[in-house]
Amino acid sequence: MINLSTEAIARASSRRPWITIGIWVVVFIISIFLRITLFADGITTEFAITNNPESSVGKELIEDKLTGPKGTNEVVIIQSVEFTVDDPAFQQVFDPIYAEVAALGPEIIRQDTLLNYFQTGAEFLVSQDRHTMIMPFTMAGDIDDASDHIEEVASVVDRHKGDPSFKVLMVGQATVGLDFQKVAQEGLAKGEMFGVPIALIILVLVLGAVVAAVIPLIMAIVAIVLALGLASLTGQVFQLSFFVENMITMIGLAVGIDYSLFFISRFREERSKGLEKMDAIARAGDTANRTVVFSGITVVLGFIGLLLVPSNVFIGIGLAVIFVVVASVLAALTLLPAIVGLLGDGINKLSIPFAGKAQTNFDEPHSGDFWGALARAVMGKPVISLVLAGGLLITAGVFFFQISPGASGVGSFPDGIESKEGFQILEKEFSAGEFTPAEIVIEGNISSPEVQAAIGRLTDRLAADGSFGQPRPLTISDDGEVALLQVPVDGDAASQATIDSIKRLRSDYVEGAFQGVAAKVYVTGDTALNIDFFNMANDAAYVVIPFVLAVSFLLLMIMFRSIVVPIKAIILNLLSVGATYGILVLVFQKGVMADFLGFQQAESIEAWIPIFLFAIIFGLSMDYHVFLLSRIRERFDETQHNTESVAFGIRSTGRLITGAALIMVAVFWGFAAGDLTALQQMGFGLGIAILLDATIVRMVLVPASMKLLGNWNWYLPKWLEWMPDLRVEARPDATSAAGADD
């Protein structure tokens, strides 16, 4: 039998606690330093697709042949109810803003793109009622440069908001990105304020003592900080999406607390059986921490699947989860035994009467009475339990087939955000597509009559479609081989109407106008990138889902030496994932209880959410599945009695799994309390998935199915018996009395 040495690691860490803690303190300080000094340079607001779709090819041609690094389009809006553009007061407000923005210099603003109506007389810069004027410009450098400097431009605009007769706003790609980050950070803070206190309360109730409850929070914080340090280093090589910090914090709180719960619970259980402190730590290391290692491996390997997706968003999410899970596992293996080694039975200090005492004795048939009674009831009517619980999940999952993947744009921002107000003014008075126009890149001999004729046919077709605004003047590269035609598109770049317009542009107008012409045409811009991202996310499902299923199957088969356990686990997890998707569609797309829950109804589910949820649900649900089945298998190896072993597993883990799940739900729903639709869908979806998994799946479907299968649960074909045996070894309990502590 292979020994993973989790017992030896726990024993060594607890015997030299101060050395172990000292090493972790140094690592913690270094990680904080890395987060402070490097993190900002390692993240990006750009959504990049790395498999070179049409939008990326067009963008690269623009940067290589026309503009250099492609900055962001921004617009300053000046509006007055009292004055029109023709009144001198309007120009008195406009001129200082224009001068100060221009004075920022070419390192911040591309001077040739800064337009002034009073100099050019261009009527497209003025609304039809002449009460609103726009001052468009492009930020210098690439998207990250624009994100770095946009606050300097915003501060100029902010200085000119004193006149009550005028409304001065700014909107644009970098401005929206800045507001998105601010709202996301507010959501992060709100999630922490909501989730952490509730997690602490649940921990106190589950563990029955304040000291024991604080330790998992310490573990989570340590893991989060270490993961942020790792992300800061990684960002110097491969820039990560700014979602990384939200992801690390959210998942770190969840798994960091969970892994600590498993160890502390098992340590206290072994102490109650009479083991000496060091032996109880070693036993918890050999059992609970072995479960933690396998759970962590499952999550990590599952999220390696996301690294195969050609998108910096998915890669960033995958790396963030991998970093924080690895950090949580390392802390559980070493730092936690060291702390418990120092405290010993002191972890039970500040105990709450009756709250923690019942969870240390599970050997009597009626111990853990509620969970024992639940297990007996479910296994007493296994077929009915399966039909009712499975039918409920299937019914919810049916709505998944009505899912509409998409993206939430600036229109989904909460009211009061300046960029949203500016977007609404643009949409009403001009075209919201002024700052996110469709960019049509033509590659060929631009001056040839056939290409010129094709461009003419294309502009005529666009003019006949009310969804498109007046095209901007054609820009041609110095070598005459590349041309750029920018066309505003009505609506939010992420709205379904705008998406339909770009699809029409690609499939109908461009193909029709350039058919038979010796030129290549690429449609790029924000909406085109969204479309390519949706297609990429859909294609990614064919990579990620088989990968995660295969990894989950192999790990569970090796750990439990059964082919039935992994097949059943995959089926049950697919049921909970499908139900989660269906509930998301019901709440966010159809608006069922959306107002009651405080969520925004949306026309679509974020395109990255289904794949993300699939990977993380399969990963996190293994925490509970492996923890529950390891107790069942451990008992079965001792007794060879299937029904009693299942009952023992349920009553010994029921309270802990439910408590851990409630903590995860509190953390995830805390993040869903933010104002961004994307984070609402992510947090709510994760919370629902964990709730379904820890209740209906783990407490009903698992025992019912295991009761029906009996000893077949542990069936392994003879031709697979060569596999290593990684089960927790069944052994007689030590009976040496321990006294209070040693």
(message) Tell me which of Ala146, Ile78, His131 sits at the most positive position along the dipole axis of segment 69-165, charges placed on C-beta atoms (Lys, Arg +1; Asp, Glu -1).
(response) His131
(request) Could you list which residues have their amide H under 5 Å from that of Met170, counting only those 5 or more apart in sequence or on another chain, with H placed in the peptide plane? (result) Ile77
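At a 10 angstrom cut-off on C-beta neighbours, averaged per residue, how do the peptides 376-384, 248-256 rank from highest to lowest?
Those peptides, ordered most packed to least, come out 248-256, 376-384.
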(message) Going by Cα centres, segment 148-199 and segment 475-533 are how many Å apart?
(response) 31 Å
(request) Could you pull out every one of the aspartates and glutamates with an alpha carbon less than 12 Å from that of Lys277, ignoring same-chain neighbours closer than 8 positions? (result) Glu269, Asp345, Asp741, Asp742
(request) Excluding residues fewer than 8 places away in the same chain, name every one of the lysines whose C-alpha is closer than 22 Å to that of Lys381. (result) Lys568, Lys707
(request) For the chain, build the charge dipole from Cβ charges (+1 Lys, Arg; -1 Asp, Glu) around the Cα centre, then report which of Ile502, Ile531, Gly252 sits farthest towards its positive end. (result) Gly252
(request) For segment 639-644, take each phi angle, set θ = phi - 60°, evaluate the Karplus expression 6.51 cos²θ - 1.76 cosθ + 1.60, and give the result in whole Hz per residue in order, putting x for glycine and proline. (result) 10, 6, 10, 5, 4, 5
(request) Please state the charge dipole magnitude for segment 437-524, taken about the Cα centre, from unit charges on C-beta atoms (+1 on K and R, -1 on D and E), reported in debye and rounded to the nearest 20. (result) 180 debye
(message) Students often get this wrong, so check it: of Lys190/Lys420; Lys59/Lys590; Lys65/Lys182; Lys59/Lys428; Lys70/Lys503; Lys59/Lys161, which have C-alpha atoms separated by over 26 Å?
(response) Lys59/Lys590; Lys65/Lys182; Lys59/Lys428; Lys59/Lys161
(request) Report the Stokes-Einstein translational diffusion coefficient (µm² s⁻¹, integer) for segment 474-604, Rh taken as the Kirkwood radius over Cα pairs, at 25 °C with viscosity 0.890 mPa s. (result) 127 µm²/s
(request) Would you kindly derive the ³J(HN,Hα) couplings of segment 82-87 from the backbone phi angles with the Karplus curve 6.51 cos²θ - 1.76 cosθ + 1.60 (θ = phi - 60°), listing them in order in whole Hz, with x for Gly and Pro? (result) 7, 10, 9, 4, 7, 7
(message) Please list, in order along segment 483-496, the HN-Hα scalar couplings obtained from phi with the Karplus expression 6.51 cos²θ - 1.76 cosθ + 1.60 (θ = phi - 60°), rounded to whole Hz, x for Gly and Pro.
(response) 10, 10, 10, 9, 10, x, 10, 4, x, 5, 4, 9, 6, 5
(request) For Ile605, enumerate residues with amide H under 5 Å from its amide H, sequence gap 5+ or separate chain, H modeled in the peptide plane. (result) Ser404, Gly406
(request) Go through Ile218, Ile571, Ser467 and say which Cα lies farthest out towards the positive end of the charge dipole of the chain; charges sit on Cβ, +1 for Lys and Arg, -1 for Asp and Glu. (result) Ile571
(message) Skipping prolines and chain starts, which residues have an amide H placed within reach, meaning under 5 Å, of the one on Gly491, given they are 5 or more residues away or on another chain?
(response) Ala432, Gly433
(message) Would segment 69-165 count as rounded, prolate or oblate if I go by the C-alpha gyration tensor, calling it rounded below 1.5 in a/c and otherwise prolate when a/b exceeds b/c, oblate otherwise?
(response) prolate
(request) Just report the Cα centroid separation between segment 219-288 and segment 302-348, whole Å. (result) 5 Å
(request) Run down the lysines and flag those whose C-alpha is under 22 Å from the C-alpha of Lys273, throwing out any fewer than 8 positions away in its chain. (result) Lys349, Lys357
(request) Let me know the charge dipole size of the chain about its Cα centre in debye, to the nearest 20, where only the beta-carbon of Lys, Arg (+1) and Asp, Glu (-1) is charged. (result) 4100 debye
(request) Quote to one decimal, in nm, the extra length available between Asp479 and Gln515 on full extension: 0.36 nm per residue of separation minus the C-alpha distance between them. (result) 10.6 nm
(request) May I ask for the Rg/Rh ratio of the chain, computed from Cα atoms with Rh as the Kirkwood radius, given to two decimals? (result) 1.05
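Laboratory data are not the source of any read-out in this text; all were calculated from the coordinates shown. Quantities reported herein were computed from a predicted structural model and do not represent experimental measurements. Don't worry about glycine lacking a Cβ; one is built from the backbone with ideal geometry, like all the others, and counts go over all protein chains shown.
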